[in-house]
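Below you'll find the structure, written out as structure tokens, and then a few comments.
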Amino acid sequence: MMRLNKYMSEAGICSRREADRLIEAGRVKVDQETAQVGMQIEEGQTVTLDGKPVQAEKKNHTIMLAVNKPRGIVCSEVSQREEQNIIEFLNYPKRITYAGRLDKDSEGLLLMTNRGDIINRMMKASHYHEKEYEVVTDRPFTDRFLKDMAAGVELKELGVTTRPCEVERLGKKKFRIILTQGLNRQIRRMCKELGFHVQELKRMRIMNIRLGHLKTGAWRNVTEEEIRELMELLEQEEEAIKDMGKGEP
């Protein structure tokens with residue numbers, strides 16, 4: 001026997017809380033009968049959501065979630081005294097963790113997965129994985145600011161200069177930036193070096209996976225097609241790094 005909301009969560013449909021909301025809304029049926037919140041189901045029973053079958057997750061199945069992390073949630077697996085971490089926030093029934101952090105004051109796309117090998121490949125600093133952000137500053141900026149951001153900014157605190165990147169104006173105080181490195185609080189540090197402070201920072205894309213119209217605090221399953229494309233991009237980057245390492249004969 002298993003609680004229905006747990007069954008739906010393990011099937012990768014949604015969180016347990018969201019499952020209860022779907023059940024309460026009358027959108028879930030068990031053996032063609034409208035389900036009730038808190039009910040238990042047995043093996044062999046048929047569960048449907050909006051008429052579509054809900055199937056239990058296969059063993060060793062890759063779990064990858066695209067999460068729209070809200071501001072105030074901490075990327076940590078350790079419980080915080082006065083703050084909620086992303087693991088607690090999601091309350092996902094399987095063991096998953098994040099592939100790349102977002103700081104507490106930032107929001108947007110966060111990838112969560114049960115595949116440690118994918119996380120390790122994505123976190124290698126030598127690779128040039130694209131990450132796209134939308135940023136709002138505390139005051140209007142000039143075109144010179146955008147050029148300086150794109151050219152690379154010397155971060156005196158870290159003793160490094162950032163890689164050249166793509167930057168595009170979206171408004172008087174808003175711009176889009178695509179980074180290929182993941183230094184600690186990089187965008188905030190870059191803006192500070194140029195005399196600005198970040199008011200809002202939202203990650204919109206990691207490689208081929210986009211935030212899209214996902215609501216704040218919500219999550220979705222990354223599709224098999226997206227995962228295949230992600231793995232292909234990782235392989236391409238790893239081959240490119242190997243070729244660079246060979247050098248000239």
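Here are a few things to note about the model shown:
- With all protein chains in place and ligands, DNA and RNA left out, the 1.4 Å accessible area ranks R228, R81 as R81, R228, largest first.
- When each of K104/K242; K94/K174; K192/K242; K104/K192 is checked by Cα-Cα distance, pairs over 29 Å: K104/K242; K94/K174; K192/K242
- Debye, to nearest 20: dipole size of the chain, +1 on Lys, Arg Cβ, -1 on Asp, Glu Cβ: 800 debye
- Once the C-beta distance of E33 and R3 is scaled by a Förster radius of 22 Å, the resulting FRET efficiency is 0.85 to the nearest 0.05.
- Figure legend: label point modelled 7 angstrom from the Cα of D138 along Cα→Cβ; residues of the range 185-225 with amide N under 14 Å from it are 188-200.
- The three principal axes of the Cα atoms in the range 1-129 give end-to-end lengths of 53, 32, 23 Å, sorted in falling order.
- Relative contact order for the chain, counting Cα pairs under 8 Å that sit 6 or more residues apart, in percent: 19 percent
- Positive-end residue, the chain charge dipole about Cα centroid, Cβ charges, pick of P53, L155, H197: H197
- Karplus (6.51, -1.76, 1.60) ³J(HN,Hα), θ = phi - 60°, over the range 18-26, in Hz, Gly and Pro reported as x: 5, 4, 4, 5, 5, 5, 4, 7, x
- Share antiparallel - DSSP beta bridges, the chain, percent rounded to 5: 95 percent
- List M1, M8, M204, ordered by accessible area with a 1.4 Å probe, largest first: M1, M204, M8
- Highest-fluctuation residue, P140, P70, P164 considered, GNM on the chain with Cα pairs under 10 Å: P140
- Length gained on full extension, K104 to L214: 37.7 nm, using 0.36 nm per residue less the C-alpha separation.
- Full extension of the chain segment joining M204 with T97 gains 36.6 nm, where the gain is 0.36 nm per residue of separation less the Cα-Cα distance.
- Per-residue surface analysis assigns D50 an accessible area of about 90 Å², computed on protein heavy atoms at 1.4 Å probe radius.
- Estimated FRET transfer efficiency (D117, I241; beta-carbon r; R0 25 Å; 0.05): 0.90
The values are calculated or read from the model by the stated rules, or taken from the named source; none is laboratory data. What you are looking at is a predicted structure, and each value in this text was computed from that prediction instead of being measured. Positions of Cβ are generated from backbone atoms using ideal geometry, with glycine treated the same way; all protein chains shown enter the neighbour counts. These area figures cover heavy atoms from the full protein model, side chains too; ligands, DNA and RNA do not enter into them. Shrake-Rupley method; radii C 1.70, N 1.55, O 1.52, S 1.80 Å.
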